[in-house]
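Each reported figure results from applying straightforward, stated rules to the coordinates on display, with no laboratory input. What you see is a predicted model; the values in this text were computed from it and never measured. In this analysis, Cβ positions are derived from the backbone assuming ideal geometry, glycine residues included, and neighbour counts consider all displayed protein chains.
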Ligand SMILES: [Cu+2]
């Protein structure tokens, strides 16, 4: 996955409406609900032709019932895709929303009309990712903050969201239900992570934002016998490049979407035994340095 020191995160497309509990869609096209909440699928695709940027698209439902929503992003394309979901209050076109969130200049403030946050982190071609969380009523954008090849991170990056990787949907009704408990939990706050119950192998865990700022979770495996000090120096830009190879294996990183303070989602993450750096690259709503520069780096030991 790619790391970006820019603001928010991702996109998807909703296509198939499917549910583990119900296979019916009601007459107004709202994704089906049941005692287990609503299940929706967004499907991301892409097409590369000539020298232009990769064209992306996202298909999915235009209406989702409020409450517990299990959302799957299917990557049916040739490049990585992600799904950053945002609730937008007021009349803000998607271009403006992209410019002020996933494509904002590093350090820019995050507008107050963007709230909540949901969705998935990066998904490799042919793979899928599923998250479960509570969605409140409102108007939402789903933005794909991944890129095709040959673009460098920053405000001018050719994010999929700028090339078709966008979906819009409405969440309707009164939210009901609660998220089921999970064995593992990772909690973000200003400015640190705490973990409990993370085990080797596939984990279904709760990612909770107990702070006031927006946060996401990026987990980066240590390389070789790197130490936490090496990792902090690397992430803070204070590592002597002659001291050896980069202590983190960024190619094997895993991440979540950005979620707001007071929110949580159930995510699936896969950990081999070893050490991981847990990092957040989001800035405060008021702007300023990414949280990693404020020391939001913690070590997770999986054994
Ligand atoms: Cu953060």
(message) 7 Å from Cα along Cα→Cβ at both residue 89 and residue 268: what's the point-to-point distance in nm?
(response) 3.4
(request) Let me know the shape class of the range 145-272, please: from the alpha-carbon gyration tensor, a ≥ b ≥ c as square roots of the eigenvalues, rounded when a/c is under 1.5, otherwise prolate if a/b is greater than b/c, or oblate. (result) oblate
(message) Quick check on the range 43-99: take the gyration tensor over C-alpha atoms, sort the square-rooted eigenvalues as a ≥ b ≥ c, and tell me if it's rounded (a/c under 1.5), prolate or oblate.
(response) oblate
(message) Applying a 10 Å radius around every beta-carbon, put 204-216, 164-176 in order of their mean neighbour count, most first.
(response) 204-216, 164-176
(message) Between residue 246 and residue 196, what's the calculated FRET efficiency when r is the beta-carbon distance and R0 is 30 Å? Round to 0.05.
(response) 0.55
(request) Work out, step by step, the length gained on full extension between residue 62 and residue 47: first 0.36 nm times the residue separation, then minus their alpha carbon distance; give nm to one decimal. (result) 3.1 nm
(message) Can you show me the helix-derived [θ] at 222 nm for the chain, built from DSSP H runs with n ≥ 4 at -39,500 (n - 2.57) apiece and divided by the number of residues, rounded to the nearest 500.
(response) -1500 deg cm²/dmol
(message) Apply the a/c threshold of 1.5 to the C-alpha gyration tensor of the range 83-165 and tell me whether it is rounded, prolate or oblate.
(response) oblate
(request) For the range 27-149, give the share of DSSP beta bridges that are antiparallel, in percent and rounded to the nearest 5; count only bridges with both residues there. (result) 75
(message) Using a Förster radius of 25 Å, what is the FRET efficiency between residue 233 and residue 301 based on their Cβ-Cβ separation? Nearest 0.05, please.
(response) 0.85
(request) Starting from the Cα of residue 170, step 7 Å along the direction of its Cβ; do the same at residue 225; then give the gap between the two resulting points in nm. (result) 6.2
(request) Express as a percent, rounded to the nearest 5, the fraction of DSSP beta bridges in the range 134-273 (both residues included) that run antiparallel. (result) 85
(request) Using R₀ = 41 Å, calculate the FRET efficiency as 1/(1 + (r/R₀)^6) where r is the Cβ-Cβ separation of residue 156 and residue 36; round to 0.05. (result) 0.45
